[in-house]
Every structure is written in C-alpha cells, then in structure tokens.
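Beneath this line is the structure, given in structure tokens, with notes to follow.
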Amino acid sequence: MPSQPPKLLDQMRAALRARHYPAAAEETNVAWVTRFILFHDKHHPNTLTAAEVLAFLATLTDPAERGQARLAVLFLYRHVLDQPLDLPADPPPPLPASPRLPVPASPHLPVPASPHPSVTVSPHPSVTVSPHPSVTVSPCHPVTSSPDLAALLDQTREALRVKHYAIRTEQAYVDWIKRFIRYHANRHPRELGGAEVAAFLTYLAVDQHVAASTQNQALAALLFLYRDVLQQELLYPIDTVRAKESQHLPAVLTKEEVRRVIAQLSGIYQLLAKLLYGSGLRLLEALRLRVQDLDFERRAIIVRDTKGNEDRVTMLPDSLIEPLKEHLRRVKRLHEEDLAKGLGAVYLPDALDRKLPNAAREWLWQYVFPSDRLSVDPRSGAVRRHHADESGLQRAVRQAAQRAGIDKRVTCHTFRHSFATHLLENRYDIRTVQELLGHKDVKTTMIYTHVLQRGGLAVRSPLDLPQGGFKLQLTRHSAADTARGWPRRVIASGVRRAFRRTERSNPPHAGDCFVASGAPRNDR
C-alpha cells in the first residue's frame, strides 16, 4: 500500500481515540476503512466520491456489516478528511407488519414539534422537567401530531408499566424515542435499524458532547423500543456504541460546612435538609415518606419507594424527633381541612386503592411533607394532594450554599454524600454504611473511602509528618533506658507500652505507619 493510506489510518486512529472510542470499535473502524481503500485499488479516499462509497457498500450483503462499514467510512470523511458525505439511508429488510401499529404509507412519521419536549412530572402538572435539557437534536423538521405516533408512545408506556418501571424512567424513555424519530427526518422506527441507532448515538457523543450516562440512557431507551415494543432485533453490534461509564468523586462537605448551609435554611426546608444529612436519604425518598414510615420509639425510618424498589431501615436522629412531631401536628390539621372539603386522598402504590378503599384518606398513609396545593394525577386524573415538589428544596439549598460562602457545588444529594463520609470518618464499619445507604454492592459505598483518602495508595504526605517522627522519639527513649543499665528485654517491653499509650491518646490517621524500635525479644 502506498505511503498515504498508512498515514491516513494513523489519523483515523487518532480521531477515534480523541472521541473516546473503545479499542475494539477503533480496530473495527480502521479495518473497514482499509477494506474500502483496497476495494478501490488503493486510491486515496480524497479522490473518491459518494458513488464509489455506495459501490463498496453494495458488495456487502450482511446488513450488520454494511452498517458498520457505512459508519466507518462516514467517520473517515467527516472527522479525518473534513469532507462530509451525504449518503442515502440504507434500506432496511422487509419486516412483518404489526397488528397493533400499522406502518404509515408515507415514509415520514410526524412527531411533536418542540425540540425539547417537556415531560410533566407526576402529579404536578405545573412542574415540567426535561431528562437532558442540554441535548438538542437536529435537524428540526416540521412535525404534527398523528395517530401512529400516539399508538407507538402508548405501546411504549404500556410496556414500561407492565415491567413496573418508575414513572421518571417512563418519561425519559419516551422523550428519547421522540428525539430519535426527529433526528432521522421523522421516519418511522420500523424503517430504521441498528445502523441508524448507532448514528444517533454517535451524534449525541460527537456533536452534542453528552456524558457517558446520557448516551447509555438513550441507548437503553431505544433498545427497549425495539426489543419490547416493536419486537424487532437490531442487526448491529450495539456494544460498539455503548459508552464507558466514568467514575467521579462526589462533592462532600465538612461538618462545619454542613452546619453553615443548614443554618441558612428555615422552616420545612431546614427540616428536610437535616433529614437528608441526618439519615442519608435521597431527595425523593424523603419527600415520599408517609406518616407510618416514621418510628419514633425505635428511632428509625422505613424507607420505601427506593431506587430499585427495595425497602430499607435507616436512623432517625434524636434531635429531629420533636421538630418532626410538631411538623406532623400541622400536617394533620391540613389533612383534616381537606377531609372536611371531601378531599384528603393520596396516591396509593399498586392496587392498594382497590384492596383498601378507605386507606387513601387515612392519616397513616398521608405524606409527611405534603404539597401546599392540589394537583391532578396524570395517570388516573384524580385530584389529590401529592408530596411537595423537589424543585423548591433544590433551589433553597443552592441559594443557602451561596449565602454560606461554600465554594463547592452543593445539591440536595451532597448531604447524602456527606452523611456517608462522616460516618466512615467516625470509623463505622463500611458494611453498616452500605446498609444505611441501601447500596446493593459494597463497591458503590467504597467511593467514599476514596473521598477519605483511605485507599491502598493513600498515605500521609512526608511534608505533614513531624521531623524524626514517632520512631525517633521511641529510639531516644530506649537509648536513655540503656544508659541507665536496664536489661534490653525490659526496655523493649517499655517501648511497646509507650507505643500503645500514645496510640490510645492520639489515634493514628488513615495511612500512618508507626514503627517502634527496640531490641528483639530473643536478644538476651
């Protein structure tokens, strides 16, 4: 092969590594570009056109291979040669029609017009969030509502609810499906395949610079659409576009910083912040607490509706017992007012509203932190008083951190990170901390040991050690005893007792290593 192609392949590898492609994906892309060059008698790609690219792709009969080669060549022209190609979409193989969702006659499927479709958060119709508001999908095609799109999204929601996915997951998945359709010129997902899924994910990573978790969430949504809704397998190696998760150290406040932030809060927001820090709760876990979940006698909180739908028990701080009781007295008065108006019902999980028809109005099922207004449940349409919205506390904590002069990014979840870190600083067992946090794997809890700098590579800097250290002090002590004529065995025993007394009075820091010098025990 001439000198140009090897140099070109080196540029291809550099471009792939700059975009954090896995090693396997790098080798796959380079191999397809090499085959493309060899197919055209080793001509430099600069001299080839889109017609030559299509001629090469036409020789590949396997749809998965054709999709891989297409993405590799498009990457070459766009990111290495800076000559983007406009290739027609690869026609998919014929698929059997679905009895529930017929394929529209037009190849273009209308979708909602907003480039950032908002998702209504249950059950506060006035509060909307976007799973990834920083991600914009282009191109923006004119879109309108259609029965086919409504049927597709209804099927997706139905499949998610059958598998008991959380409502936030449902909202995020539906949003990603809409963006995927819009990116591919409003074409119906049945007309698209694995290559188009990979192209969409590549666009998110390369052009939109989304995080790895965002890219993987989009991939999970599209895999669910094809496997569980359309019953269609993607003929493409999806792992090549799965992003490698990054591990970031959480921001942690010191005990003094926590007190300063909480001091800047007041009312229900201060009570919630103390509960997040004192019990290690997530924000929604605290907001979804029911009256029956607080056990004042046992000083315990039963946490339900957790991440992963597994209940756990955590501590209830003694200092919060009286404030919580006073708060519940005010909430009960509000509940009695709602009952007098013919309201007072709350959302019940699963089918409890049918099993226990009157439970929704009972005091023990009420939220500890109810909303100050009534709202409509988007699933059932019932008018209820749901729990307080999380945006209020999030905004209050952010403003409190600014007033306290904390030069860190402080969120509600920072209190949970600080809870775990401070427990480990107080030398509590990591398994105990894992159970309090509700982590399935202890590796998740181990992240806080890195925050503490207690890992295997963590040592105290020699700059922070006193000159001579503890070893020098004990060496001088034993030398003085030797000068008095004491036996070496007695000296060694005294050195060990002095070491234990010093260790009890001044516990060693993680990573400290004290060496007590003295005569060996068998030295007579």
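Numerical summary
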| quantity | calculated |
| --- | --- |
| Length released on extending from Gln11 to Ser213, taking residue separation times 0.36 nm less the Cα-Cα span | 69.9 nm |
| Hull volume in cubic angstrom per residue (convex hull over the Cα atoms of region 247-364) | 139 Å³ |
| Potential extension, Ala166-Arg398 segment - 0.36 nm per residue separation minus Cα distance | 80.9 nm |
| Label point distance in nm, Asp154-Arg427, each placed 7 Å from Cα along Cα→Cβ | 6.4 nm |
| Cα pair distances exceeding 14 angstrom across region 278-344, given as percent | 63 percent |
| Fewest-first ranking of His450, His79, His188, using other Cβ atoms within 10 Å as the exposure measure | His450, His79, His188 |
| Residues His248, His386, sorted so that the one with the fewest Cβ neighbours within 10 Å comes first | His248, His386 |
| Computed over region 4-80, Cα set: Rg, Dmax in Å | 11.7, 31 |
| Ranked list, fewest to most other Cβ atoms within 10 Å of each Cβ, for Leu204, Leu316 | Leu316, Leu204 |
| Where a label projected 7 Å from the Cα of Glu336 along Cα→Cβ would reach, residues of region 283-301 with amide N under 18 Å | 291 |
| Selection of trypsin sites (Lys or Arg not before Pro), region 342-441, meeting DSSP coil and at most 14 other Cβ within 10 Å | Arg373, Arg379, Lys408, Arg409, Arg427, Lys440 |
| Volume per residue that the Cα convex hull of region 198-254 spans, once the total is divided by residue count, Å³ | 99 Å³ |
| Förster radius 60 Å - calculated FRET efficiency between Gln247 and Arg329, Cβ distance, rounded to 0.05 | 0.85 |
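Read-outs: derived from the displayed coordinates by stated rules, not from any lab. Since we're looking at a predicted model, the values are computed, not measured. Neighbour counts run over all protein chains shown; Cβ positions are idealised from the backbone, glycine included.
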